[in-house]
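A quick write-up on the structure given underneath.
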Amino acid sequence: MTRSQEAAPLSLSALFLIFARIGLTSFGGGLSGWLMREFVVQRRLMSQADFLSGLALSQALPGINVVNLSIWIGYRLLAGPGALVATLGMVLPPLLLAILMLIGLEQLTGSTLVPQVMAGIAAAAIGLSLEMGVRSARSAATGIVPIAIMLAVFVGIFVMEWSLIPVILICAPLSVWYAWLQLGDSSVEQS
């Protein structure tokens, strides 16, 4: 898909409303999963590979991952104005809602219902993140080396409980090196 093919059915106001809806209804995280479902699965405005490239880039850049991803999606769909509108849609409505909720929650600090509601919201967000993680892993599991790298990261961080930074500093260059080798092999095959 080219950007012009993707952007044709979508206006800036529609893009803002999509991001505002996702930002307003995604409590406790899991936003990347919602974005993938919206733009890849349901609307088919971008490919899964394009989305995952943006996700990887958004996580590598400084700042809030989901805002970086919003910028990526907005730019891919509607260039610079799309990036701005997507970011505003993701940030402004939830910011206003959060301020209003904090004012309301201050009035309910003694209620036992608030922690239960927040635990339910967190469980749903974790489910969305898990769904996106499984989808991403399936897409990335293209051979024994990528699977080994994914397992090494999982075991290092989750099982061994090592710090994220050293694990990534070791595994990310290995992954990039392997991908670079694969690109070299595919260009040799095409010659």
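Things to note:
- Dimensions in Å of the range 116-191 - Rg and Dmax from alpha carbons: 16.5, 61
- Packing around the peptides 31-37, 50-56, 114-120, taken as the average count of other Cβ atoms within 10 Å per residue, puts them in this order, highest first: 31-37, 50-56, 114-120.
- Degrees, to the nearest 10: 144-154 long Cα axis against longest axis of the chain: 40 degrees
- Separation in nanometres of the label points that stand 7 Å from Cα toward Cβ, at Trp180 and Gln48: 2.8 nm
- Once the Cα atoms are used to define both axes, helix 65-107 deviates from the longest principal axis of the chain by about 30 degrees.
- Carbon and sulfur %, accessible surface of the chain computed with the full protein complex present, 1.4 Å: 72 percent
- A crude spin-label estimate for the pair Val41 and Leu169, with each label 7 Å from Cα along the Cβ direction, gives 3.7 nm.
- Each peptide in 15-26, 163-174 receives the mean, over its residues, of other Cβ atoms within 10 Å, and ordering these scores from highest gives 15-26, 163-174.
- Helix 48-60 and the long axis of the chain differ in direction by around 80°, with both axes built from C-alpha atoms.
- Gain on full extension, evaluated as 0.36 nm per residue between Val114 and Gln59 minus their Cα-Cα distance, stands at 16.7 nm.
- For semi-axes √(5λ) of the Cα gyration tensor in Å, calculated from these coordinates, the label among [x] 41, 16, 13; [y] 34, 18, 15; [z] 33, 25, 13: [z]
- In this structure the chain gives 62 Å² per residue of accessible area when probed at 1.4 Å with all protein chains present.
- Each of Met101 and Ala152 was given a label point 7 Å from its Cα along the Cα-to-Cβ line. The distance between the two points is 3.9 nm.
The values are calculated or read from the model by the stated rules, or taken from the named source; none is laboratory data. Not measured: the values here are computed from a predicted model. Cβ sites come from the backbone with ideal geometry, for glycine too, and all protein chains shown count toward neighbours. In case anyone asks, the SASA skips ligands and DNA or RNA and just uses the protein heavy atoms, side chains included. Shrake-Rupley method; radii C 1.70, N 1.55, O 1.52, S 1.80 Å.
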